[in-house]
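Novice: Can you keep this structure in mind? I'll have questions shortly.
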Amino acid sequence: EEGTAYKWRVGAVAAAALEGLGREDFPGLCLFGAGRLAYTTLQALLHRYRIDRVDVLSKNEDSRREFVRRFRDHGIDINPVSSPEIAVRRSSLIITMTDADEALFSDEWVEDDAVIMSMGGGQELPFELIHRAGGVYVDDLEGCLESGDLARMVEESLYDPELVTGTIADYIHNGLGCRRGPMVIIPRGMAAMDVMQAVDIARGLGRL
């Protein structure tokens, strides 16, 4: 069923996009969003990486509390949080998957060594963060210019092609550049999600 397939492939892409970092753990994760996509994404991340603490933020207090309840038995410190500043400042990985249409947090709260992944269809990140990022990586540039943070920058005449460092595949295969600053990942291309879903199915069937 397409809806079920979509939510699982979104989670798979989020986990796969971090592969090139050469890390096995993220001490703190700040997760904006408590819907079905956030659920499958966190499941995929926990399957692949060690995450000690998760701060969950959502406009709906009941949603974030229910989200936390469902993950209590995963052996992690997971908490519903109401303060974006506290959650962002103490997190090494920040993931946004909301229906927001403006920045969810301030650039000033983000440490230089943080990794930020924006997966919503509108603006979620402060444009200042994208400008100062040590790298901005996309899965499919055309898709990212149609929806999401970069598309909003285009609408406001703030987009510069030089802002995009390369693709997720580039840094997975070739490594990261040496620019100082946070790393921003924007996976918006559906083709990449389909590829990851196909790989996952093939592995499950023992054919890969």
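The values are calculated or read from the model by the stated rules, or taken from the named source; none is laboratory data. In this text the structure is predicted, and so the values were computed from the model without any measurement. Counting neighbours? That spans all protein chains shown, and the Cβs are built from the backbone with ideal geometry, glycine included. These accessible areas exclude ligands, DNA and RNA; they are computed on the full protein's heavy atoms, side chains included. Shrake-Rupley method; radii C 1.70, N 1.55, O 1.52, S 1.80 Å.
Novice: Give me the accessible area per residue for region 58-191, probe 1.4 Å, as a whole number in Å².
Specialist: 50 Å²
Novice: Additional query: Compute the distance from the alpha-carbon center of region 141-162 to that of region 58-111, in whole Å.
Specialist: Computed from Cα coordinates, the inter-centre distance equals 25 Å.
Novice: Go ahead and set up a Gaussian network model of the chain, Cα springs under 10 Å, then flag whichever of Ser82, Ser92, Ser118 fluctuates most.
Specialist: Ser82
Novice: Still on this structure, please answer the following. At 7 Å along Cα-to-Cβ for each site, give me the label-to-label distance between Leu163 and Glu111 in nm.
Specialist: Label-label distance for Leu163 and Glu111, simple model: 2.6 nm.
Novice: Sticking with this one: Val154 versus Phe71, label points 7 Å from Cα toward the beta carbon: distance in nm?
Specialist: Placing both labels 7 Å beyond Cα along the Cβ direction yields 3.1 nm.
Novice: List every residue whose amide H lies under 5 Å from the amide H of Ile51, counting only residues 5 or more places away in sequence or on a different chain, with H placed 1.01 Å from N in the peptide plane.
Specialist: Residues meeting the amide H criterion: Phe26.
Novice: Give me the distance in nm between label points sitting 7 Å out from Cα along the Cα-to-Cβ direction at Glu146 and Ser82, one decimal.
Specialist: So the two model labels end up 4.0 nm from each other.
Novice: On to the next question. From the backbone phi of region 132-138, what are the Karplus-calculated ³J(HN,Hα) couplings (6.51 cos²θ - 1.76 cosθ + 1.60, θ = phi - 60°) in whole Hz, Gly and Pro given as x?
Specialist: 9, 4, x, x, 10, 10, 10
Novice: For region 30-169, what's the radius of gyration and Dmax over Cα atoms, in angstrom?
Specialist: 15.0, 46
Novice: Enumerate the amide H contacts of Ile78 below 5 Å, restricted to partners 5 or more residues apart or on another chain; note that Pro and chain-start residues carry no placed amide H.
Specialist: Sorted by chain and number, the residues that satisfy this are Val54.
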